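Colleague: Sharing a structure below in structure tokens format, with a few things to ask.
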Number of protein chains: 6
Amino acid sequence: MSTTSQNSAAPSVLVISAHSGDFVWRAGGAIALTAHHGSPVHVLCLSYGERGESRGLWKQEGMTVERVKQARHEEAAKAAEVLGATIEFLDLGDYPLRVEPEVVDRIAGIIRERKPDVLLTHVANDPYNRDHNQAHETTLTARMIAQAHGADPSTPALGAPQVLQFEPHQPEVCGFYPELLLDITPVFDRKVEAMKCMTAQEHLVRYYIDLGMRRGVQAVRNGAPSSVQYAEAYKRTFPTVGAQLW
Amino acid sequence: MSTTSQNSAAPSVLVISAHSGDFVWRAGGAIALTAHHGSPVHVLCLSYGERGESRGLWKQEGMTVERVKQARHEEAAKAAEVLGATIEFLDLGDYPLRVEPEVVDRIAGIIRERKPDVLLTHVANDPYNRDHNQAHETTLTARMIAQAHGADPSTPALGAPQVLQFEPHQPEVCGFYPELLLDITPVFDRKVEAMKCMTAQEHLVRYYIDLGMRRGVQAVRNGAPSSVQYAEAYKRTFPTVGAQLW
Amino acid sequence: MSTTSQNSAAPSVLVISAHSGDFVWRAGGAIALTAHHGSPVHVLCLSYGERGESRGLWKQEGMTVERVKQARHEEAAKAAEVLGATIEFLDLGDYPLRVEPEVVDRIAGIIRERKPDVLLTHVANDPYNRDHNQAHETTLTARMIAQAHGADPSTPALGAPQVLQFEPHQPEVCGFYPELLLDITPVFDRKVEAMKCMTAQEHLVRYYIDLGMRRGVQAVRNGAPSSVQYAEAYKRTFPTVGAQLW
Amino acid sequence: MSTTSQNSAAPSVLVISAHSGDFVWRAGGAIALTAHHGSPVHVLCLSYGERGESRGLWKQEGMTVERVKQARHEEAAKAAEVLGATIEFLDLGDYPLRVEPEVVDRIAGIIRERKPDVLLTHVANDPYNRDHNQAHETTLTARMIAQAHGADPSTPALGAPQVLQFEPHQPEVCGFYPELLLDITPVFDRKVEAMKCMTAQEHLVRYYIDLGMRRGVQAVRNGAPSSVQYAEAYKRTFPTVGAQLW
Amino acid sequence: MSTTSQNSAAPSVLVISAHSGDFVWRAGGAIALTAHHGSPVHVLCLSYGERGESRGLWKQEGMTVERVKQARHEEAAKAAEVLGATIEFLDLGDYPLRVEPEVVDRIAGIIRERKPDVLLTHVANDPYNRDHNQAHETTLTARMIAQAHGADPSTPALGAPQVLQFEPHQPEVCGFYPELLLDITPVFDRKVEAMKCMTAQEHLVRYYIDLGMRRGVQAVRNGAPSSVQYAEAYKRTFPTVGAQLW
Amino acid sequence: MSTTSQNSAAPSVLVISAHSGDFVWRAGGAIALTAHHGSPVHVLCLSYGERGESRGLWKQEGMTVERVKQARHEEAAKAAEVLGATIEFLDLGDYPLRVEPEVVDRIAGIIRERKPDVLLTHVANDPYNRDHNQAHETTLTARMIAQAHGADPSTPALGAPQVLQFEPHQPEVCGFYPELLLDITPVFDRKVEAMKCMTAQEHLVRYYIDLGMRRGVQAVRNGAPSSVQYAEAYKRTFPTVGAQLW
């Protein structure tokens, strides 16, 4: 482990997901792996993706926004359970996602309370999906607020958690490049099971299984042992710190 | 440790240094730290920096290239000893450094023989110092040759060691940004002692002590414990692989 | 043609222009060419550029904002007519242009209704003119909303139109590079006539004629037939798709 | 001097500082130097940095936001006086800094009134500190408004002042690279005296003295005379114009 | 078609492949598609990839370089035949590939003789594989020589063919992003058949089938009709020219 | 003037031009301006551009390489005289330009002898013209050699001249952006007269007059006085140093 956990106990992860499916497709492996090691993982869904990422549900006759949200809530809660994470929904609306100042402050409070060692969120600039940018910006701003000594003097200020960025759907067009290829082989069955909960987007399951294999092959090409079969790619926002070169 | 060592024993490091001083100023901490952990470190000096990086020696009356090389050899050998590394000099000439095809093949052989887990070398594009570019290119080409199954079928092919790039003198102008801030606090006195061996460039000792402190402050700002006082910065060439998020 | 039109009839273009002059100077050729081929082109002017881009009018004694807007409206309407496009003014104010959430939704509605095959707008980051950035961001967000199956379930969701970015006044400083050099030779006289309608900025006519020639010379240097005399440059936002290599 | 001053008298500088300490650490030398040459310098502090940049004060028992602001006001006013600048506080709040449209307009008015030849502000994209981004964006937008002929027809429009960006705390991670190394040797004692006024951040004094030396060494390496001991680094936003090559 | 063919007859394609397998994995679809449309495609293999890209063969007892080359020659010739292309081998050696000046001139002669409308080759900067860089540089230099009016005054100078860059194995690490997603659905079975000829690298067949599907999904997401199932990605070197916006 | 001249007398400029026409089209204004101020300017033509940049001459019946070189020599010598510069031809051949190690050393000697305050040369990466890249690399390597204290201990080492990069024909595609817009209005007639000497490329005269005007308009937009009519654009390689902010 290259950084010391900010907590006395196990290191903790907080995921900030623009829509209620993103954490499953893009970070399901990292979540399951962290939980598998006994560390707490909490998922914050800014929206349900009810308008823009629920194609399967909208094909059903007489669908309404409320019913879509309900279905998405259930699916995501189930997926989080499968992965071993707790989950919380802010229901801010999607396409577009708009995050008002008081919500940023609220998220800062959640970060300060949970003291994550690592934050997971979206890339800075996805030309296809501006909700992803919004989640990225919100994460960096809330992290900064949580670090302010004077933001809430009754609680201790946050340290400096890394912010890992998920792989977007079309990585190269979003300026994404993999800086960490995370071995998720031991928990890949968990990720697949979680993905299968997302019935509104079931066309993506095969796609993300293939992507996991492709990133796994690349991990081996970058020095991982040949037992690595599946990986997830992340881009870092800040330098890593530590006492080892590899 | 995020990757499995390619060796059965301890992980090993190979440093490819354009001039005989570079490994001390830019990577002395990493070298001492690795040696401190009991792992082998080998330094390959492509040239002595006899023409371009020996200002102190050239100020002496009646200096010759041979005497400069001799002095630089002694200084670097002493510094390597202080740091705990073995060292080897290819004496290819500097300003400019030119690396002929057969020398690249020879370096590939050294890499294959030593099987380093990490290679340390210069950045790809330093507008001030094209010898640094040459060392970078040589390292990537020699690494590639060492990986070829058919390059020397009698010895096993190399795996995929990371290539960490040193911090250049003017980092921003060279496209360098720190991706790893390595805590060198436990061995900083070793680095200082090694730097003091380099009498031809003694004006740099103070400069690199200050830089070590500055990078140390930044490490703490990026989540290192406050006990970290000194750091060295590195840029990665390839993604990291591993089983942990931090 | 490398993509299939989303419409049953001819492909259609929608231009989102920060100020009422931009579509003429920067995309007049593309508009005239599209109209010339019988396809519908619609121009959406977010503002009149009444404060920041009407220097000629403000030199007149006793000028008021309302009179500037009126003059700019007339000029732009006339220019659109010359080019063969329909036009619509949102009058959101300029320097700065601010686009409220409900206006973004309204623009998304216009996009969904018109189903353009191509959107034309400004670059993402113009340090001279933040209104251009605002138009870019608005276009990408509105496009995303128009694609959401649940945004307005009574109408079909938008496909994936390309977003072509106009050439800004100082392209290199804005991160612009030409990815498409569009041959506008057959309609260049139309563009010149349209530019001459813009009396508040008449100092620009000569400038844009020269730019058209310069881009034309570059088109020939990139493989266009020597009959190409005038071109306009565009940067793409997304990959092109198609069945041919050239 | 490579550009003609917009004023009949001496060239003038306006500094737009996110927090009340930034102008001291990052631009104290440039301010003192300009004042030393008899030119007016005005500092606009958007916030006091009361929540996020006053760690020293928050360590005191029973501290309140109002008392922090008061202390920060006094420190910054004293530092400005030492540097030879006038100063003005907008007290917009920090962590996060939010700049409402009417405030941007007000800043545009200040710019138009003072007609600076150079604006100094933060970088565009600091992942650690989004308040810096906000100050950058505010500066570019306010500058654009001040240039509009129709923004306030009763006063003359602004010319085109350069916008120089300060060096951020972790330059490489913020996309900063030095384009101007400003010799501040003649006024460095002024800068040190001003830094010592900032008691809420006194841990930074040593850090910025070292940074000044480091940039001074780099200035000499880029052709400055060896008498240069201290420098500040700036990134430009726009091309320079002038009649000389060096 | 957006550019006029330089030939009186059908447009032609020339592929410059560092190793004898690259053209199959990376461009087999483009080649088969071009041939399918009745246009000539010629493949130039700079090396056999005998040392670095023939792992399967080197696993066989008693293998020699000559036997590897022979096997690779046969495989590649067969694959080219399946794809509908002619092929030529320069046998320059691999890992590293070195291209002497006279060979560059010879390639320039081949280009001038064949007058391709499009050149296909590798990316500029692949940190894993410097042979790819060498092929890129060779292609641009040979293209430039072929364009010189005085290079061989007895034959006409080349026009300005586009240079499309193949997708490398780890695209994001190589600065690759897809600018063209080429629909290869109609010829995908040809590509699969050609890939199956490459017995020395048979572990890659599944990998490239998956990649083809993944790029196909992305093509649809960028506006291709839903009938598109498989695609290949290319990066352009030069702007496109033409008379249409899409 | 922002840096102190390295010479006791007037500052001096050395131009390293890949082909014998480049210095006229791309830097004629800077050369004439420098000479106009009484400073020495020397032009080093690496080749005559006899194969690739003499289209006009090759159209003549029975033309030979020797006659082209002769004509190019005369034109360039005449143009240099018009501009007020001395000139020297290395006749290294073009398309491609190859610079052997001993020639780099020779150029380093010329640099050390002339002690230029500014070097002018081509950009680092022009995909259309690799000779330009070669000239760039040669300049940086020769500059580095000239700076080495031990390269020729009998003469003093070079300081640190800026390297300004010319504007290439298609700037955005070559990664060029203007960092200096040099006012060449006072000497523009000299540049035009010099361009008219280049009869082998006379189609470029009009093009470069237009470009000069365009860059002049941009200079005014960046703060130059409205009397500026013509400018040349340059990209810097190193930071500027100096004692003034503008």
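The values are calculated or read from the model by the stated rules, or taken from the named source; none is laboratory data. A quick note: this is a predicted structure, and the numbers were derived from the prediction, not measured. Ideal geometry is used to build each Cβ from the backbone, glycine not excepted, and the neighbour counts take in all protein chains shown. These accessible areas exclude ligands, DNA and RNA; they are computed on the full protein's heavy atoms, side chains included. Shrake-Rupley method; radii C 1.70, N 1.55, O 1.52, S 1.80 Å.
Colleague: For the protein assembly as shown, what is the accessible area per residue in Å² when the probe is 1.4 Å?
Modeller: Value returned for the protein assembly as shown: 33 Å² of accessible area per residue.
Colleague: I've got another one for you. Among the listed pairs D:Lys235/F:Lys191; B:Lys196/D:Lys191; D:Lys59/D:Lys196; B:Lys115/B:Lys235; F:Lys59/F:Lys235; B:Lys235/D:Lys235, which have their C-alpha atoms separated by more than 25 angstrom in this model?
Modeller: Long pairs (Cα-Cα over 25 Å): D:Lys235/F:Lys191; B:Lys196/D:Lys191; F:Lys59/F:Lys235.
Colleague: Across the range C:114-126, in residue order, what do the Karplus-derived ³J(HN,Hα) couplings come to in whole Hz, using 6.51 cos²θ - 1.76 cosθ + 1.60 with θ = phi - 60° and x for Gly and Pro?
Modeller: Residue by residue, the range C:114-126 yields 8, 6, x, 7, 9, 10, 10, 7, 7, 6, 6, 9, 10 Hz.
Colleague: Right, next: With heavy atoms of protein chains only and a 1.4 Å probe, what residues of the range B:141-175 have at least 30 Å² less accessible area in the full set of chains than alone?
Modeller: Hits at the 30 Å² cut-off: B:Met144, B:Ile145, B:Ala148, B:His149, B:Gly150, B:Ala160, B:His169, B:Gln170, B:Glu172, B:Val173.
Colleague: Return the FRET efficiency for the residue pair E:Glu193, E:Asp152: r is the Cβ-Cβ distance, R0 is 41 Å, and the value is rounded to the nearest 0.05. Could the numbers behind the result be given before it?
Modeller: On the way: r = 39 Å, r/R0 = 0.95.
For R0 = 41 Å, the calculated efficiency reads 0.60.
Colleague: Sum up the charges of everything whose Cβ sits under 12 Å from the Cβ of E:Val13, counting Lys and Arg as +1 and Asp and Glu as -1, but leave E:Val13 out.
Modeller: Once positives and negatives cancel, what remains is +1.
Colleague: Using alpha-carbon positions, what is the distance between the centroids of the range C:26-42 and the range B:80-99, in Å?
Modeller: Centre-to-centre (Cα) distance: 64 Å.
Colleague: Once neighbouring chains are kept in place and the probe is 1.4 Å, which whole percent of the accessible area of the range F:97-141 is contributed by carbon and sulfur?
Modeller: Values: 650 of 1440 Å².
Within the range F:97-141, the accessible surface is 45 percent carbon and sulfur.
Colleague: Oh, and also: Using the per-residue mean of other Cβ atoms lying within 10 Å as a proxy for protection, in what order, highest first, do the peptides C:59-66, E:120-127, F:71-78 fall?
Modeller: Sorting C:59-66, E:120-127, F:71-78 by mean packing, highest first, produces E:120-127, F:71-78, C:59-66.
Colleague: Report the antiparallel proportion of the DSSP beta bridges in the protein assembly as shown as a percent, rounded to a multiple of 5.
Modeller: Of all bridge pairs located within the protein assembly as shown, approximately 25 percent are antiparallel.
Colleague: Determine the sum of side-chain charges near E:Val118: Lys and Arg each +1, Asp and Glu each -1, restricted to other residues whose C-beta is under 14 angstrom from that of E:Val118.
Modeller: Values: positive: E:Arg114, E:Lys115, E:Arg143, E:Lys235, E:Arg236; negative: E:Asp117, E:Glu179, E:Glu232.
So the surrounding residues net to +2.
Colleague: What is the minimum Cβ-to-axis distance for chain C, in whole Å, where the axis maps C onto B, and to which residue does it belong?
Modeller: Rotation axis C onto B, closest Cβ, rounded to whole Å: C:Gly175, 8.
Colleague: Same structure, new question: Excluding ligands, DNA and RNA, what is the accessible area buried between chains D and B, summed over both sides, using a 1.4 Å probe, to the nearest 100 Å²?
Modeller: Buried surface at the D/B interface: approximately 1800 Å².
Colleague: Separate question: Based on the alpha-carbon gyration tensor of chain B and its eigenvalue square roots a ≥ b ≥ c, which shape applies: rounded if a/c is under 1.5, prolate if not and a/b is larger than b/c, or oblate?
Modeller: On the way: a/c = 1.62, a/b = 1.07, b/c = 1.51.
Oblate is the answer for chain B, as a/c is 1.5 or above yet b/c matches or exceeds a/b.
Colleague: Just to check I understand the Karplus step: with θ = phi - 60° and J = 6.51 cos²θ - 1.76 cosθ + 1.60, what whole-Hz values come out for the range A:215-226, glycine and proline as x?
Modeller: Calculated HN-Hα couplings, in order: 5, x, 4, 5, 4, 4, 5, 9, x, 6, x, 5 Hz.
Colleague: How far apart, in nm, are the 7 Å Cα→Cβ label points at E:Gln60 and B:Glu102?
Modeller: Reported label-point gap for E:Gln60 and B:Glu102 is 3.3 nm.
Colleague: Still on this structure, please answer the following. Tell me the relative contact order for chain F as a rounded percent, counting alpha carbon contacts under 8 Å between residues six or more apart.
Modeller: On the way: 462 pairs, mean separation 60.9, N = 246.
It comes to 25 percent, rounded to a whole number.
Colleague: Apply the Karplus parameterisation 6.51 cos²θ - 1.76 cosθ + 1.60, with θ equal to phi minus 60°, to every residue of the range A:189-195 and state each ³J(HN,Hα) to the nearest whole Hz, in sequence, with x for glycine and proline.
Modeller: 4, 4, 4, 4, 4, 5, 4
Colleague: Another question, then. Could you tally the net charge around B:Gln147, taking each other residue with its Cβ under 15 Å from the Cβ of B:Gln147, Lys/Arg +1 and Asp/Glu -1? Before the final figure, lay out the partial values.
Modeller: Details: positive: A:Arg221, B:Arg112, B:Arg114, B:Lys115, B:Arg143, E:Arg51, E:Arg55, E:Arg130; negative: B:Asp105, B:Glu113, B:Asp117, B:Asp152, E:Glu50, E:Glu53, E:Asp94, E:Asp126, E:Asp131.
After counting each charged neighbour, the total is -1.
Colleague: Hey, what did the range C:192-240 get for relative contact order, percent, Cα under 8 Å, at least 6 apart?
Modeller: Computed value for the range C:192-240: 28 percent relative contact order.
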